[in-house]
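The values are calculated or read from the model by the stated rules, or taken from the named source; none is laboratory data. Keep in mind that this is a model prediction, so the values were computed, not measured. Glycine gets a Cβ as well: all are built from the backbone with ideal geometry, and neighbour counts include every protein chain shown.
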Amino acid sequence: MPRTVSIKSARSPKFAPLLGLALAGLVAGCADAPRPEAATPSDASLLHTGDTVNITVFGQPQLTGEQIVDDHGEVSVLLAGRAKIAGLTPTAAEGALRERLGKGGIVVTPSVSVVVTKHLPVYVVGEVARPGSYDWSGDLRTINAVALAGGYTYRAKSSGLRVIRHGDPQHTEYAADQTTEIEPGDTVIVPERWF
């Protein structure tokens, strides 16, 4: 027959050391619990899918124009075909397009410029006044993104911010603080306070 211990007997000095050990074990277990990784910034200087770029081939107006980097990270340039530029800096993208246009004498000594005219937006969700998407600008921090979304609601837990990095196939929520750098396409999550 299983032995039961009454609450009254558990409070007796005889069981006090056991109760203390159990509480110490619980506290130690909480201290060793895995913590979410901190959000690390991606490289804002790189081109991303969804960015709008203006490609200029000097002296070749028919090869010049504005395009959106497609889901494969590519743009299409007349005579050069499709070129993957996502993950490159604008300068590296210029070099890649220059090389493709120069191959086979398509364009003699091409001069190419790639300028980002619009980055992917930043998404702010959760306990903010106006959740939604907002234009990204250089050196954007979580506190700035929250301000764009109208600030925290009264239920917001500002110490529990999370960031999902653009292009992360796992959609991992990383721990963030109010100074965490936000890149194009990132999502800022403002959780609700429970007490």
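Are any residues in the stretch 102-137 in contact (Cβ under 8 Å) with a residue 40 or more places away in the chain and surrounded by fewer than 15 Cβ atoms within 10 Å (Cβ to Cβ), and if so, which ones?
Within the stretch 102-137, SER111, VAL115, THR117 meet the criteria.
Every residue, every condition in (1) closer than 30 Å to ARG155 by Cα; (2) at pLDDT 85 or above; (3) assigned to a strand (DSSP E or B); (4) touching a strand residue (DSSP E or B) at 6+ places or on another chain (Cβ under 8 Å), yes or no:
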{"residue": "PRO17", "(1), (2), (3), (4)": "no, no, no, no"}
{"residue": "THR56", "(1), (2), (3), (4)": "no, yes, yes, yes"}
{"residue": "ALA83", "(1), (2), (3), (4)": "no, yes, yes, yes"}
{"residue": "LEU88", "(1), (2), (3), (4)": "no, yes, no, no"}
{"residue": "ARG98", "(1), (2), (3), (4)": "no, yes, no, yes"}
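Which ones in the stretch 138-195 are among the small types (Gly, Ala, Ser), surrounded by fewer than 20 Cβ atoms within 10 Å (Cβ to Cβ) and more than 12 Å from the chain's Cα centre (by Cα)?
Of everything in the stretch 138-195, those that are among the small types (Gly, Ala, Ser), surrounded by fewer than 20 Cβ atoms within 10 Å (Cβ to Cβ) and more than 12 Å from the chain's Cα centre (by Cα) turn out to be GLY138, ALA147, GLY150, GLY151, ALA156, SER158, SER159, GLY160.
Can you tell me which residue among ARG165, ARG98, ARG130 is more than 26 Å from ASP70 (Cβ to Cβ) and of a type in the set (Lys, Arg)?
Just one listed residue meets the conditions, ARG130.
Suppose we filter VAL75, VAL107 for residues that are of a type outside the set (Gly, Ala, Ser) and in a loop (DSSP other than H, G, I, E, B); which single one remains?
Just a single option satisfies the conditions, and that option is VAL107.
Within the stretch 43-60, is there a residue that is loosely packed, with under 14 Cβ neighbours inside 10 Å and closer than 27 Å to ALA176 by Cα?
Yes, the stretch 43-60 contains a residue that is loosely packed, with under 14 Cβ neighbours inside 10 Å and closer than 27 Å to ALA176 by Cα.
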